[in-house]
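K.L.:
Take this structure first; my questions come after.
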Amino acid sequence: MKPILPGSAIGVLGSGQLGRMFAIAARRMGYRVHTLSPDEDTPTGQVADLEINAPYEDLDAIAKFASGVSVVTFEFENVPAATAAAAERCAPVRPAGHILHTTQHRLREKAFLSKAGLPITPFRRVASLAELSQAAAELGLPAILKTADFGYDGKGQHRILSARDFEPAWSTVAQRESVLEALVDFEREISVVAARGSNGEFIHYGAIENQHSHGILHVSLAPARVADSLVAQAVDIAQTVLEKLAVVGVLCVEFFVTKDGDLLINELAPRPHNSGHFTFDANVTSQFEQQLRAVCGLPLGSPRQLSAAAMVNLLGDIWTNAEPNWVAATAVPNVKLHLYGKLSPRPGRKMGHITALSPTVNQALEDAKRAFQAL
Ligand SMILES: Nc1ncnc2c1ncn2[C@@H]1O[C@H](COP(=O)(O)OP(=O)(O)O)[C@@H](O)[C@H]1O
Ligand SMILES: [Mg+2]
């Protein structure tokens, strides 16, 4: 494949913070960025060369958008399959539409993973209230019911502790096709962010340790505080996933580490991931630049981490009383502030993040927490 060179335009489907950081990386290397989403004045649009407002279902707009760029990538994986197909008729789409199709639906994703022989949490498909109670009897409780598609940041999920939770859980998933998973009593959560180039080249950022609060990522630490052998296993699994899916781009594998020290895959995200945001500040090549390089057919950059890092998400919740105290937070000199340009802070909405760079990961966590408290 002929590389897509600086000066070319890259199309991004979706317009959130992932697209914004991708656009910053792309513009830094002299590319132009076009973004398409239904929204206006978006995090990506604010830093892109061109922001197009159209619904993902408007296939004429998608075709026009794709015709105007050298390659289409995405930052939002719930783009309908027909949208990816329409774009694919006019420009290469990387990662390919079939990868979106697999990973945007929990049942298809789990089918792919189990066929590949990779470890996943025990689960059952649920399509009715009766099936939910049957699945709960088979898996045992506690368990967690998740919509098969369109879930993110813990949305569309309901924990089930007893039969009393069946009805509320079924209404949380809006009576749609769902997955019941055994609740994993994990020791910790980790993720591996990796990239694969068009020639099969593979890089990864090691294991990242993640702490969630109410289903939303709160803190990521890199490197994860786990044994090297576990990192090697997790990276191995990630490599298998990227190769079997023939990913050209970035993909993240989220894992549970069980109390016995085993790895279970929680889910996949076929794009840069919140847990990899630290790479923007701490690594030779960020996950966003890596996505750019991969989709353009350029050699991948060094993923080498230059400093231990801790990232804390800034959710809309911290705006509740007043604008956060940016001056106080920026007074911690080894902390970097990122804001996504979102206009309305809402509880649970990802508005920005901070990354602390320190000699050790424990120190980074302390520094990030200090800056976070100061907000
Ligand atoms: N089966 C499970 N067992 C224990 N915790 C879970 C399970 N599924 C999800 N969680 C918790 O909820 C978080 C969000 O769930 P996830 O499936 O990753 O959904 P999302 O697509 O919203 O990120 C996980 O990172 C984890 O902390
Ligand atoms: Mg997740």
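K.L.:
Once each part is reduced to its C-alpha centroid, what is the distance from region 311-342 to region 229-278 in angstrom?
P.N.:
Spelled out, the Cα-based centre of one part sits 29 Å from the other.
K.L.:
While we're on this one: Ignoring ligands, DNA and RNA, what accessible area per residue does the chain give at 1.4 Å, in Å²? Could the numbers behind the result be given before it?
P.N.:
Values: 15490 Å² over 375 residues.
On a per-residue basis, 41 Å².
K.L.:
Let me ask something else about it. Mind checking the log10 I(q)/I(0) for region 33-186 at q = 0.16, 0.18 Å⁻¹? Debye, one equal scatterer per Cα, no solvent, two decimals.
P.N.:
-0.90, -1.00
K.L.:
Got a sec to turn the phi values of region 252-258 into Karplus ³J(HN,Hα) couplings, 6.51 cos²θ - 1.76 cosθ + 1.60 with θ = phi - 60°, whole Hz, x for Gly and Pro?
P.N.:
Taking θ as phi minus 60°, the curve returns 10, 10, 9, 10, 9, 9, 6 Hz for region 252-258.
K.L.:
How large is ³J(HN,Hα), in whole Hz, for each residue of region 342-354 in order, when computed from phi with the Karplus curve 6.51 cos²θ - 1.76 cosθ + 1.60 and θ = phi - 60°, using x for Gly and Pro?
P.N.:
Residue by residue, region 342-354 yields 6, 7, 10, x, 10, x, x, 8, 6, 9, x, 7, 10 Hz.
K.L.:
Taking amide hydrogens as modeled 1.01 Å from N in the peptide plane, which residues meet the under 5 Å criterion relative to L315, leaving out close sequence neighbours?
P.N.:
Excluding prolines and chain starts, which carry no amide H, the hits are M351.
K.L.:
Label A232 and S8 with points 7 Å out from Cα along Cα→Cβ: what is the distance between them in nm?
P.N.:
In this crude spin-label approximation the distance works out to 3.8 nm.
K.L.:
Please compute the length gained on full extension between E167 and K115, using 0.36 nm multiplied by the number of residues separating them and subtracting their Cα-Cα distance. Intermediate results must be reported in sequence, preceding the final value.
P.N.:
On the way: separation 52, 0.36 × 52 = 18.72 nm, distance 3.20 nm.
Taking E167 through K115 to full extension adds about 15.5 nm, to one decimal.
K.L.:
Mind jotting down the distance between the C-alpha centroids of region 1-40 and region 174-223, whole Å?
P.N.:
That distance is 24 Å.
K.L.:
Then there is this: Out of residues 5 or more away from T285 or on other chains, whose amide H comes under 5 Å of its own, with H placed 1.01 Å from N in the peptide plane?
P.N.:
Amide H neighbours of T285: R304.
K.L.:
Let me ask something additional. Roughly how large, in nm² to one decimal, is the mean projection of the convex hull of the alpha-carbon atoms in region 312-375? Don't jump to the answer; show the numbers that get you there.
P.N.:
Values: hull surface 16.1 nm².
Mean shadow area of the hull around the Cα atoms is 4.0 nm².
K.L.:
So what are the radius of gyration and Dmax for the Cα set of region 34-119, in Å?
P.N.:
Over region 34-119's Cα set, Rg and Dmax evaluate to 14.3, 44 Å.
K.L.:
Still on this structure, I have one more. Could you give me the radius of gyration and the Dmax of the chain, taking only the C-alpha atoms into account and expressing both in angstrom?
P.N.:
So, for the chain, Rg and Dmax equal 20.2, 59 Å respectively.
K.L.:
Right, another one. Restricting things to Cα coordinates, could you compute the convex hull volume per residue of region 249-323 in Å³?
P.N.:
Details: hull volume 11.7 nm³, N = 75.
Dividing the Cα hull volume of region 249-323 by its residue count gives 156 Å³.
K.L.:
Which whole-Hz ³J(HN,Hα) couplings does region 72-77 yield from phi under the Karplus relation 6.51 cos²θ - 1.76 cosθ + 1.60, θ = phi - 60°, glycine and proline marked x?
P.N.:
Those phi angles translate into 10, 10, 9, 10, 10, 8 Hz.
K.L.:
Also: What are the lysines whose alpha-carbon lies under 29 Å from the alpha-carbon of K155, with same-chain residues fewer than 8 places away excluded?
P.N.:
The reachable lysines, counting only those whose Cα sits under 29 Å from K155, are K110, K115, K146, K244, K259, K336, K342, K350, K369.
K.L.:
Also, I was wondering about something else. So, with a 1.4 angstrom probe, what is the percent of accessible area on the chain that is carbon and sulfur? All intermediate terms of the calculation are to be shown ahead of the outcome.
P.N.:
On the way: 7930 of 15490 Å².
Using a 1.4 Å probe with all protein chains present, the chain comes out at 51 percent carbon and sulfur.
The values are calculated or read from the model by the stated rules, or taken from the named source; none is laboratory data. None of these values were measured; they are calculated from a predicted model. All Cβ positions, even for glycine, are placed from backbone atoms using ideal geometry, and neighbour counts span all protein chains on display. We work out accessible area using only protein heavy atoms, side chains counted, and drop any ligands, DNA or RNA first. Shrake-Rupley method; radii C 1.70, N 1.55, O 1.52, S 1.80 Å.
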